[in-house]
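Have a look at the structure below before the remarks.
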Amino acid sequence: MKRLYASMALSVLSLCAHALDQGEESLEGAPSAQFDYRAYAVTWQPTFCLLNPTTAGCDKPKNVFNTHGIWPYYKSTDQSANRHPSFCTQSVGCDQTGAVCELADKDQKQAQAYPDFSEMVTESPEKLMKHEWKKHGTCYGTSQIQYFEDFVNLRSVVKYDQAFSQYQGKSLDLEKLKSLFPANASFRCASHDKKQYLFEVFFLIDRHGRPYTEDQKLQIGEACQSEEIHIPLA
């Protein structure tokens, strides 16, 4: 891994020019398939629609976690709690491996036809898919089709206690929330009208799809604070 980071430092890597969260380090142009673990990201649809009410599907949202994407990650450091490659080169999913490629229309259509895919993503996911492939999928180390098929193949990592349903439409504190999810889960909240809402959960997994718990510092997006966390219902 030291060799990886040394080679990255000598490559065309650059810190992300896009807006970054506090503590985030996005290494654009990193070589594909070189990362420590993956984050399987799911979004609580009622919170997403609360924040984005005009988005397709938010006229009749469901009380479900939608798959947002699968994101390759580097282990956090004392300086950065959110380190990941993005817009990677040398991707086997690109015809020109030296460049960052777009999601091919034929691959997108094939992925959307994969069994159960449409059941776990937001309505009209085409824009999301294009973004997820270019930013994260190019770093994943597989073909475009395999990246999106893994949305389905790895969905079984999304686990939580059945008691979570009892808190839907209610609120709970951070420690209780953590107790309902496995040790490899990380959380993101969102602030709205002076309230804190559960927004996303990230299930950390290794290259074999097994729980990954070696990065306790990871924080993607807005951290959930100790005060009340609301779990809205559609």
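The values are calculated or read from the model by the stated rules, or taken from the named source; none is laboratory data. Only a predicted model underlies this, so the values are computations on that prediction, with no experimental measurement involved. As a convention, Cβ positions derive from the backbone with ideal geometry for all residues, glycine included, and neighbour counts pool all protein chains shown.
Of all residues in segment 39-77, how many are of a type in the set (Gly, Ala, Ser), surrounded by 17 or more Cβ atoms within 10 Å (Cβ to Cβ) and more than 17 Å from Tyr197 (Cα to Cα)?
The total comes to 4.
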Original post:
Taking Leu172, is it surrounded by 14 or more Cβ atoms within 10 Å (Cβ to Cβ), out of contact with any Ser or Thr (no Cβ under 8 Å at 6 or more places or on another chain), of a type outside the set (Asp, Glu) and without any contact (Cβ under 8 Å) to a residue 24 or more places away in the chain?
Top reply: no
Original post:
Scanning segment 192-234 for residues that are surrounded by 14 or more Cβ atoms within 10 Å (Cβ to Cβ) and on the phi > 0 side of the Ramachandran plot, which turns out farthest from the chain's Cα centre (by Cα)?
Top reply: Gly209
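Kindly provide the set of residues from segment 63-97 that are of a type in the set (S, T, N, Q), under 30 Å from Glu123 (Cβ atoms) and out of contact with any Ser or Thr (no Cβ under 6 Å at 6 or more places or on another chain), ordered by number. Show your work before the answer.
Here is the first cut: in segment 63-97, the ones of a type in the set (S, T, N, Q) are 63, 66-67, 76-77, 79-80, 82, 86, 89-91, 96-97.
In the following step, the residues that additionally are under 30 Å from Glu123 (Cβ atoms) were identified as 63, 66-67, 82, 86, 91.
Listed by number, the residues that qualify are Asn63, Thr67, Asn82.
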Subject >> Unique match (being under 29 Å from Asp150 (Cβ atoms), aliphatic (A, V, I, L, M) and modelled with pLDDT under 95) among Ala183, Ala223, Ala234, Ala190 >> reply: Ala234
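Could you check segment 175-189 and list, in sequence order, the residues that are of a type in the set (Ser, Thr, Tyr) and surrounded by fewer than 17 Cβ atoms within 10 Å (Cβ to Cβ)? Explain how you work it out, then say what you get.
Of all residues in segment 175-189, those of a type in the set (Ser, Thr, Tyr) come to 179, 186.
Matches in segment 175-189: Ser179 only.
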